[in-house]
Ligand code: AMP
Ligand code: MG
């Protein structure tokens, strides 16, 4: 840039033509923009932890000063609590509760809820119902929505399975209304955290913060780069020993969403473990060869819903699904799948991004 300015001067500032003046102006404003982009970002983040959506969350912000960081962090927390109120099916005032009680009558919802449900139904179609936001009758019967865990009877599982059908959710963009045919009921638990990460990204951008790490319980969003301009290193928990890492990802302006049986489960009197990711075809916790699925991408809500879906599919189907989506660069699914035999399957598009932990190095397969 300096060289460019110099060149203009050498060509004779005394005879600056109109075009020359314009170029000079453009160059100067670019210099200014460049200077703005290089604004000082402190090396140490401002960290704020809290509980929202029933999950511990942490936002690490790189703001110019403590006050900006504190205000932004409080705004994030407040926003997540508001989202919680809007989306919790157990809260009778929530829009989801209204929808769940609507029995076929169209309900006009806020643009936020509309967008979330529209996105959820899109992923349900894309995954042929492996991700199904109408899973609420089942997740509720198993007690995953309110913590009253129990094993439902075979008969009630069969009955409740028939109530789950994402095709029964009709969205109408013209008036932002949603019609739930029959007794369909929604559970946004498999997509809400990713969706929340998108909203927080916007909220922070409005406050001039574009360098941050948002850890929303299983969903980590890396905004910008580290202060030294290198990508963030984000760990994927080892599902067998969750306080250790199975590997790390180098991320920049992207989200990694992880779903795993180890994240939420209960143990029956006879010692059987039941986890929270339900296979809509069986009505029971998904029994697959997977123990952890991470999906990486720029659309945080879609990553969240897809990580739940891939978990339900099992390793072979999930890998086929990821490669079937490789028709266009935008749709390519990036995933790290960990199977019960402790093998890590990494999609080819993450070959340069995922670094396995030492214990997994010999058991990591980069898929073709
Ligand atoms: P995640 O941790 O993102 O995999 O989401 C799991 C949560 O999503 C569960 O706690 C349920 O609230 C909900 N859920 C469980 N199974 C499914 C499914 N097959 N499709 C959509 N949501 C699900
Ligand atoms: Mg999910």
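All of the numbers you see were taken from the coordinates with simple rules; none came from a lab. Worth saying up front: this structure is predicted, and the values here are computed from it rather than measured. Here Cβ is always computed from backbone atoms with ideal geometry, including for glycine, and neighbour counts include all displayed protein chains.
Does residue 208 satisfy the criteria of being in a loop (DSSP other than H, G, I, E, B), within 16 Å of ligand 1 (Cβ to nearest atom), surrounded by fewer than 23 Cβ atoms within 10 Å (Cβ to Cβ) and at positive phi?
Judged against the criteria, residue 208 is not a match.
May I ask you to list the residues in the stretch 87-106 that are buried (at least 20 other Cβ atoms within 10 Å of the Cβ) and either in contact (Cβ under 8 Å) with a residue 12 or more places away in the chain or farther than 19 Å from residue 198 by Cα (or both)?
87, 89, 95, 96, 99, 100
Is it the case that residue 359 is away from ligand 1 (no atom under 16 Å from the Cβ), in contact with a strand residue (DSSP E or B) (Cβ under 9 Å, 6 or more places away or on another chain) and in a loop (DSSP other than H, G, I, E, B)?
For residue 359, the condition - away from ligand 1 (no atom under 16 Å from the Cβ), in contact with a strand residue (DSSP E or B) (Cβ under 9 Å, 6 or more places away or on another chain) and in a loop (DSSP other than H, G, I, E, B) - is not met.
When you go through 80, 112 one by one, which is the residue that is touching a residue at least 24 places away in the same chain (Cβ under 8 Å), outside any loop (DSSP other than H, G, I, E, B) and crowded, with 18+ Cβ neighbours inside 10 Å?
Being touching a residue at least 24 places away in the same chain (Cβ under 8 Å), outside any loop (DSSP other than H, G, I, E, B) and crowded, with 18+ Cβ neighbours inside 10 Å holds for just one of 80, 112, which is 80.
Could you list, in sequence order, the residues of the stretch 181-198 that are in a loop (DSSP other than H, G, I, E, B) and within 16 Å of residue 256 (Cα to Cα)?
Within the stretch 181-198, 190, 191 qualify.
I'm checking my understanding of the structure. Among residues of the stretch 110-161 that are more than 16 Å from ligand 2 (Cβ to nearest atom) and in contact with a strand residue (DSSP E or B) (Cβ under 6 Å, 6 or more places away or on another chain), which one is farthest from residue 306 (Cα to Cα)?
So, considering only residues that are more than 16 Å from ligand 2 (Cβ to nearest atom) and in contact with a strand residue (DSSP E or B) (Cβ under 6 Å, 6 or more places away or on another chain), the one farthest from residue 306 (Cα to Cα) is 149.
Counting only residues that are over 18 Å from residue 356 (Cα atoms), surrounded by fewer than 21 Cβ atoms within 10 Å (Cβ to Cβ) and within 16 Å of ligand 1 (Cβ to nearest atom), how many does the stretch 236-267 have?
Count: 5.
Quick grid of which residues meet (1) in contact (Cβ under 8 Å) with a residue 24 or more places away in the chain; (2) surrounded by fewer than 20 Cβ atoms within 10 Å (Cβ to Cβ); (3) out of contact with any helix residue (DSSP H, G or I) (no Cβ under 8 Å at 6 or more places or on another chain); (4) not in a strand (DSSP E or B):
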| position | (1), (2), (3), (4) |
| --- | --- |
| 269 | no, yes, yes, yes |
| 274 | yes, yes, yes, no |
| 287 | no, yes, yes, yes |
| 294 | yes, no, no, no |
| 302 | yes, no, no, yes |
| 307 | yes, no, yes, yes |
| 312 | yes, no, yes, yes |
| 320 | no, yes, yes, yes |
| 323 | yes, yes, yes, yes |
